[in-house]
Amino acid sequence: MIAQMKKVSIVVLDKDKQSSLKSLKKLGIMHLSENFGSSDDVKALEERIKEIETSLRLTEGSDIQHVEAFDIVKISEIVDTTCNIGKDIYNLEERESILNRNLEFLEPWGDFNPSDLVLLKEKGVDVTLVDITKEQWHHLDSNLNVFKIAHNNLGFLAAVIGECPKEFARFDPPELGLEDALGAVELLKEELKEKYSELKILSIHHGNILLYKKSIEDSLEFEKIRSGMGYDEDFAALQGWIPVEKIDKFVKTANAEKWGYALSEPVDGDDTPTLLKGNKITSMIHPLLDFLGNVPGYWETDVSPFFLIFFTIFFAM
């Protein structure tokens, strides 16, 4: 069945709103309306959660089991370390990808040192690498100094000494030659191997990083609610819902904390949350209803007992 709810409005002194929210959280019986606000703290916590999610992606899938006790300060440092390693891996893989593309371009030209072309130019000798079609080759100016290097599907790879015709497709060689680029790729692979080994070691903390994420998510929700509380110079206010049977517990806490509050009945149009109650048998179907997204609204009929009977028969069949 659906538990009856009461709408609650709370007014507290503005200076006490943080401690009041902590008391409400500890009480654990009130569903606050999602009147979320924004602040620098909210943005910082949201950014931190993104970093934690990156850390979780980098440390998942390891066969190393988590063995250490939870230490929030240490886990925070591990998240930073993991994210930095992730950035290093990204940069190394980008560099490796660039070098591999350069190798594809360089291979048809053979092994040479591109810096030699710069050195020749400084000495007054212009050498331009070009891709010449067969038709262009057959109509070359006889005064042009061209040296054929290799064939390709469309024509020839060549070097032009001196002034180069504009119609030729020029090849600007990368910084490293073929042999140096191959050596650089091997070094990058070694660095990547080391980085992935470091990640594997840090993967023992994957479970604790999940706990850390939950802690930061709780802090984020708390900060959003605190930032979204309506207030003037002296007072802050918020609204929510409490199950009817928990009212006495709330009133006792409110009087002890010196909160101002008002209780009222939900009306049609309110975004009243649904709390399903049931015995040990009917409550078994509640997780499935949550998974299917089939939880009834507050003003609707709870069909979970009938659904349990249907599902049991259906599954048996």
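Bear in mind that the values in this text are calculations on the coordinates, not laboratory data. These numbers come from a predicted model, not from an experiment. Ideal geometry is used to build each Cβ from the backbone, glycine not excepted, and the neighbour counts take in all protein chains shown.
What area, in nm² and to one decimal, does the C-alpha convex hull of the stretch 83-151 cast on average over all directions?
If you wrap the Cα atoms of the stretch 83-151 in a convex hull and average its projections, you get 7.1 nm².
Just flag the GluC sites (Glu not before Pro) in the stretch 64-128 sitting in loop per DSSP whose Cβ has no more than 13 other Cβ atoms within 10 Å.
Sparse-neighbourhood loop GluC sites (Glu not before Pro): Glu68.
Taking every pair of alpha-carbon atoms in the stretch 114-228, what share in percent sits in each 5 Å bin, from 0 to the bin with the longest distance?
Taking every Cα pair in the stretch 114-228, the percentages come to 2, 9, 11, 11, 9, 7, 6, 5, 5, 5, 5, 6, 7, 6, 3, 1, 0.
Going by average Cβ neighbours within 10 Å, how do the peptides 127-133, 245-251 rank, with the highest at the top?
For the peptides 127-133, 245-251, the packing ranking is 127-133, 245-251.
Would you calculate the volume per residue, in Å³, of the smallest convex hull containing every Cα atom of the stretch 169-268?
That works out to 341 Å³ per residue.
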